[in-house]
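Below: the structure, in structure tokens.
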Amino acid sequence: MLIVCEVKMKTSVRLRRILFVVVILYWYALYVHVPIQTSHLYKLGVSAGAAGIIIGAYGFGQVLLRVPLGMHCDRSGRLFPYVLIGTAVGTLGAIFRLGVNSPRSFLVANILGGIAAAVWIAVLALFAQLFSQAELHRAMAYATTGHSTAMLTSSLSCAALVGRSGMRGVAAAEIVAGLLAFVLAVVAYRVYCREVHAAVTKVRPGGGSNESGADGVENVAPGSYGGDSGADLTYGAFWRTVKNVRLWQFAMLAFVHQGLILSLVMSFVANQAQVIGADEKEIAAATFLYWAVTVLVNALAGRALMVKLGAKFWLPVSLVLAAIYCLLLLRITAVWQLFLLQIMGGIFGGTVLPFSMSESLAEIPRSHRGTALGVYQAILAGGMVLLPSLSGALIQRLGTVGGFCFLSLAALAAAGYAYFITHQRSPGKVR
């Protein structure tokens, strides 16, 4: 049994490193075009309404696919095939963006991109399987660090690529990144199969049954990782997972988090920076600073200092910081003040997801994590749709003050809710 555990641990370390790079390339291929997508569609003669439909197609597919995809991951017990499909479909979407420079091609590319992004559930479930139950928080921090690193690199390289070769250069970079992600995912799959086969052979040299059930290795289906092939996902089991109170409680914090990020960092912050006289380079530097701090905080979220303080401290505090961030954006008068605020925003941006995701999965069996992550990600996507729409409508009617105050109140309400749900449980329940 010791041999199995040691080999599996070594396999996990290899896979973590390979999959971390896969995550960076995967999200880079899906996001590097985003900063210039709207302006490019306008150049193609697309109206604002049609541009909204084309851009929204990316999120629409995720909302529809995340829950059923999570269920199917649990039913099959296989995760690697979905990772391969996600990287391949994302690359195909980039080919449409490169080959036919038209609104229809962008629509098809965004639909395919939404399908590829929905596969993120399988990637998260795979990371969760590569760590022990006690290290679930560290697993989510590891995955989100790769995601935010991709956001950082894509925001940096987009401007350089556009300046040299336009959208075609951006699409070509997406294709290269997508292909590399696919190749590395194949490598990770082969590493897994080779090492686990070697472990099982050492424990069962005669090919007999392993009655001890060493860490679930003997039950591993090709392409899965420690999961239960053919998990019990009857309607009753599905509803028990979907109705898990803890899952919904912490997913609602992600709902607010994503709504704030999309409303502020991806939209209104740039407008506010222009009000105080910031030029394009200073706005780009402010965006870079936000993502750099987010990457750093994501990386630290799995370390001893932040883990010791736990969700009870970091979730309420980071959401209070978000509320202050929204209000101070109304008061800044200089670019250096914006940079300081971006540091505060990066702390909030890098803290909420790893803590809320790990806490939401704490009561979910391994065999049902795909379904739970589907629910979590669908709720998160709802925040990306609802909060920007509400805040944008309020800004249009009441001005910037009204919209930013609404977002600040949403963050403050979420902070209070985070304090309530983390302190109503015993210390052993919230880590």
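The values are calculated or read from the model by the stated rules, or taken from the named source; none is laboratory data. Computed from a predicted model, the values in this text were never measured in an experiment. With ideal geometry, Cβ positions are generated from the backbone for all residues, glycine too; neighbour counts draw on all protein chains shown. Accessible surface is based on the protein model in full, side chains and every heavy atom, while ligands, DNA and RNA are left aside. Shrake-Rupley method; radii C 1.70, N 1.55, O 1.52, S 1.80 Å.
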Count of region 351-379 residues which are touching a Phe, Trp or Tyr at 6+ places or on another chain (Cβ under 9 Å), more than 20 Å from Asp74 (Cα to Cα) and of a type outside the set (S, T, N, Q): 3
Out of region 293-316, which residues are open to solvent by less than 60 Å² (accessible area, probe 1.4 Å) and free of Cβ contacts under 8 Å to residues at least 60 places away in the same chain? Val293, Val297, Met306, Trp314
So, first residue modelled with pLDDT of 85 or more in region 18-43, second residue assigned to a loop (DSSP other than H, G, I, E, B) and not polar (S, T, N, Q), Cβ within less than 9 Å, six or more apart or across chains; the pairs are Tyr26/Val119
Could you list, in sequence order, the residues of region 53-108 that are of a type in the set (Ser, Thr, Tyr), within 22 Å of Leu25 (Cα to Cα) and either in contact (Cβ under 8 Å) with a residue 60 or more places away in the chain or open to solvent by 60 Å² or more (accessible area, probe 1.4 Å) (or both)? Thr87, Thr91
Would you mind listing the helices (runs of 4 or more DSSP H) fully within region 240-321 where at least 1 residues are modelled with pLDDT under 80, within 16 Å of Ile343 (Cβ to Cβ) and among the charged types (D, E, K, R)? 280-300
Pick out the one residue from Val63, Val89 that is at pLDDT 80 or above, among the β-branched types (Val, Ile, Thr) and part of a helix (DSSP H, G or I). Val89
Limited to region 308-329, what total is found for residues that are within 17 Å of Phe404 (Cα to Cα) and hydrophobic (A, V, I, L, M, F, W, C)? 10
Region 349-363, subset open to solvent by less than 10 Å² (accessible area, probe 1.4 Å) and not small (Gly, Ala, Ser), residue nearest to His147 (Cα to Cα): Pro354
Name every residue in region 320-366 that is among the hydroxyl-bearing types (Ser, Thr, Tyr) and over 21 Å from the mean Cα position of the chain (by Cα), in order of residue number. Tyr325, Thr333
Contacts under 6 angstrom Cβ, first residue in region 169-182 being without any contact (Cβ under 8 Å) to a residue 24 or more places away in the chain and among the basic types (Lys, Arg), partner open to solvent by 10 Å² or more (accessible area, probe 1.4 Å) and assigned to a helix (DSSP H, G or I), 6 or more apart: none
When every residue in region 383-418 that is touching a residue at least 24 places away in the same chain (Cβ under 8 Å) and in contact with a Phe, Trp or Tyr (Cβ under 6 Å, 6 or more places away or on another chain) is compared, the one surrounded by the fewest Cβ atoms within 10 Å (Cβ to Cβ) is Gly383
